[in-house]
Structure formats: structure tokens, C-alpha cells
Amino acid sequence: MPRAVYVLAVGIFAMVTSEFVVAGLMPQMADGLGVGVPQIGYLITAFAVAMAAGGPFLTVAMVRLRQKTALMVLFGIFLAGNVLAALAPDYGVMLVARIVTGVASQAFFGVAMSICVQLTRPEVRGRAIAVLMNGLMLGTLLGLPLSTVVGERFGWRVAFWVISGIAVSAALATLAGVPRLGRAEGGGNVREELAVFRNPRLWLVFSTSTLIIGATFSAFSYANPILTEVTGFSTGTVPLLLVGYGAATVLGNTVVGRLADRFTVGVQLVGLALNFLFLAGFALLAHLAVPAVVLLTGIGLVGVTMNPAMATRVQRTGNARPLVNTVHSSFITLGVIVGSSVGGLAIDSFGLRAPLWLGAALAAVGIATLLPDLRRRPGAGSSAPAGAPAPRAQVPVVEPKEACAARS
């Protein structure tokens, strides 16, 4: 595995930690900015909407740059947003800071994914994407509790300074550890970049990713109140249970990464089927402690861990260029928004178990979106059409003095 893939994962870790930091410091930020907790919650929504809506446009603006240069520009924008957040004198400035960091984060995901694919052999790309996505999993498992502890002990502004320091370290590591690449294939030609979106099957593939993540986040977003008010765990126990959930995501991501190249569609089918069972089971048995913990852990194993298979299917259906990867990330973020927002509305009408039933329904619809690929190649793991040639490896343009850095 190229060293650069691990370096890119550190950058994603910084982005994800910044995304989640607000969730762990809502009371402190509300006091510091002189607003209510619901207004702080809107900062999370603003970050997600900025990712989904703004990331692709920033990626289009970057298509004429060499990809490593684009990464450094995005690090600069992200760092500016975090510094602005750390210094924010009022809520309005903080809102702007979250929008800036959200847009930069989404574009970074797309460019990093494209570089990851270019630097690895076709037969190990699923594993490489899993390594890259471990930056996301570890951001959930370690970044969120770390930033929360720092914010609680030293103030919420210090948490943003720490994230800025991680971003600087990641940028320096990227400068040293990622080889100089040319523009992605087709880079610089916006019309060519956009042409792939005329393929209706690509939009169906995007929708599968939205439903996978929506199903998962409809449960994860409300795990805390469900575990305390329905299951009966103490508030001090829930963080430990969520650490277990996070560990399950790291394990599941690694396993899916090993299988994603050979069984791209099959992995998603099994994952959605299991997630349906886990979500429905959790809805039925949420009042029982042991089943609730087991089922929540199961959701961690087969939910967001589908990322390597999702990305591989998208790249085989469209391409592995930054814009396709960024738009795919936007659809993933849309899943987060749908799962959390519709889940909240469902709670108001039907109670705390409702988001779990919503997640089960989204998983069932997700299975339906896989049926065209399953009919096309019965029993196949790849999303490529029957008889289609294997995806051609994209060969990076590497400067001679840095060529050794790109070897697997």
C-alpha cells in the first residue's frame, strides 16, 4: 500500500474531527456565543449542507490544478475556516466558519479519493479506499472524544485550535509524502468532467449510497436518547457504548475493504440486508439491554463501513475523477441529513423507536436499488455491466525524483 494513502487518511481524520467537534461541545459553545443549544445544532446542519451543496462547486474550481496543489489549497481553506471558528466573536461568524470548513472538507474527500485510486493497483483499490476511510472511522472513534475532552477542560476554542494543529500536521505530511501528480484524466475540461453525469445508472448508484448512510444515521443520530430513555442505560455508560460502536466501524471497514473489489454489489446487498435486520431488531428489542447493545454494534459493523464498496461501485459506473467522488460524497452527506432530520420528525410523531423503523425502511429501499445490477450479472460482485472490460487503471503522472513514493 503506498505511504501516501495513509497520509491522505490523516487529512480526512482532521476534516471529520472538525465536522463532529460541535456535537460534543454544544453546551459550552452555546454559553460562549450567547445562543441556545438548538442554534448550535444548526451549525452541524450548516456544515453538512455546505458539504453536500458546496463541495462539488469548489471541486469544479480546482479541476485545472495539479491534484497535490489542489489538496494544499483545500488544506489552506479548511485551516482558515477552523481558525475563524476558534476566533469567532459571535454566532454569525461561527456560522460562516462552519460553512467554509464544510465546503473544503467535501472537496478534499473527492480529490483525496481520486489520488488514492491513481496510486494503487486495480486489484487492491478497495483495500486502499478502506485505509483512506479509516480516517473517517477514527475521526468518529478518537477525534470526537478527544476534541470533547479538550474542549471541556480548556475551553471550546482550544478544541478548534487543536484541530487546526492536526490540519497543519496533515498538510505538511501531504507535502512530503504524496507524490506530485498531474491533473486527473480529463482534468481542466469541465464539460468532460460533467459528461459522465448523463448516465442515469450513476444516479441510481448514488442513491444506494444515500440510502445506506441514511439508514445508519437514522439510528446513530438518536442512539443516545434511545439507549438512555428506552433501554435504561445511564448517561455515563452511553459514551462507552458509542466507543464500542466506533470500534465496530473500524473493523467492518477493514473487512469490507478486503471484499469490495471482488464482491462490490454483493457486499452492499449483504450489508443492507443485515442492517435491515439489526435496525428492525433494535426497534423491537430496544428495551432490553443486551440485545440493544448487540444490535447497535451490528449496525456499526455493516452501516458506514460500506464506504469502500460504495466508492468502488461509483467509480466503476462513472469514473474515479475528483468531481464524481465529490458528488458521491455529497450524496453520502445527503443520507446523513435525511436520516437525522426525518428521524427527528418521526420521533415527534411516533416516539424514540421511530428512527429505527425509518432506518429499516431505508435499508429495504436500498436493496431495491441494487436489483438492476443483480439482474445484469446474477451473482456477480462487480457493478460493471456483463461483458464490459475491466476498468482501466489510471496511471499517475509522477515526477522522476518522487516516483518511488507511488509504488505499492
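The values are calculated or read from the model by the stated rules, or taken from the named source; none is laboratory data. Computed from a predicted structure; not experimentally measured. Quick reminder, even Gly has a Cβ in these numbers, built from the backbone with ideal geometry, and neighbours come from all protein chains shown. Accessible surface is based on the protein model in full, side chains and every heavy atom, while ligands, DNA and RNA are left aside. Shrake-Rupley method; radii C 1.70, N 1.55, O 1.52, S 1.80 Å.
Values computed for the structure shown
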item: Test: residue in the range 352-360 that is surrounded by 21 or more Cβ atoms within 10 Å (Cβ to Cβ), touching a Pro at 6+ places or on another chain (Cβ under 8 Å) and not in a loop (DSSP other than H, G, I, E, B); result: no
item: Residue among Leu71, Leu79 that is of a type in the set (A, V, I, L, M), open to solvent by less than 20 Å² (accessible area, probe 1.4 Å) and within 30 Å of Arg3 (Cα to Cα); result: Leu71
item: Residue identified as within 20 Å of the chain's Cα centre (by Cα), in contact (Cβ under 8 Å) with a residue 40 or more places away in the chain and under 15 Å from Phe217 (Cβ atoms) among Val342, Val324; result: Val342
item: Hits in the range 283-307 (condition: of a type in the set (Ser, Thr, Tyr) and open to solvent by 10 Å² or more (accessible area, probe 1.4 Å)); result: Thr297
item: For Asp261: the one exception among (1) touching a Lys or Arg at 6+ places or on another chain (Cβ under 9 Å); (2) assigned to a helix (DSSP H, G or I); (3) open to solvent by 10 Å² or more (accessible area, probe 1.4 Å); result: (2)
item: Criterion: at pLDDT 85 or above and either buried (at least 22 other Cβ atoms within 10 Å of the Cβ) or over 20 Å from Ala354 (Cα atoms) (or both) - qualifying residue of Leu240, Leu211; result: Leu211
item: Among (1) surrounded by fewer than 21 Cβ atoms within 10 Å (Cβ to Cβ); (2) farther than 19 Å from Trp161 by Cβ, the one test that Gln28 misses; result: (2)
item: Pairs, first within 20 Å of Leu144 (Cβ to Cβ) and in a helix (DSSP H, G or I) in the range 44-66, second of a type in the set (Lys, Arg) and open to solvent by less than 30 Å² (accessible area, probe 1.4 Å), C-beta under 9 Å, six or more apart; result: Ile44/Arg98; Ala46/Arg98; Phe47/Arg98; Ala50/Arg98
item: Within the range 84-123, considering residues that are β-branched (Val, Ile, Thr) and open to solvent by less than 20 Å² (accessible area, probe 1.4 Å), the one farthest from Val178 (Cα to Cα); result: Thr101
item: Residues of the range 308-329 satisfying the condition of being among the small types (Gly, Ala, Ser), more than 18 Å from Ala130 (Cα to Cα) and buried (at least 24 other Cβ atoms within 10 Å of the Cβ); result: none
item: Residue in the range 11-22 that is open to solvent by 30 Å² or more (accessible area, probe 1.4 Å) and more than 23 Å from Gly177 (Cβ to Cβ) present; result: yes
item: Residue list for the range 31-65, restricted to those being of a type outside the set (A, V, I, L, M, F, W, C) and either open to solvent by less than 10 Å² (accessible area, probe 1.4 Å) or in contact with a strand residue (DSSP E or B) (Cβ under 6 Å, 6 or more places away or on another chain) (or both); result: Gly55, Thr59
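Here's the yes/no breakdown for (1) open to solvent by 40 Å² or more (accessible area, probe 1.4 Å); (2) at pLDDT below 85; (3) within 30 Å of Val103 (Cβ to Cβ):
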residue: Ser341; (1), (2), (3): yes, yes, yes
residue: Phe350; (1), (2), (3): yes, no, no
residue: Ala363; (1), (2), (3): no, no, yes
residue: Ala368; (1), (2), (3): yes, no, no
residue: Leu371; (1), (2), (3): yes, no, no
residue: Pro378; (1), (2), (3): yes, yes, no
residue: Pro389; (1), (2), (3): yes, yes, no
residue: Arg392; (1), (2), (3): yes, yes, no
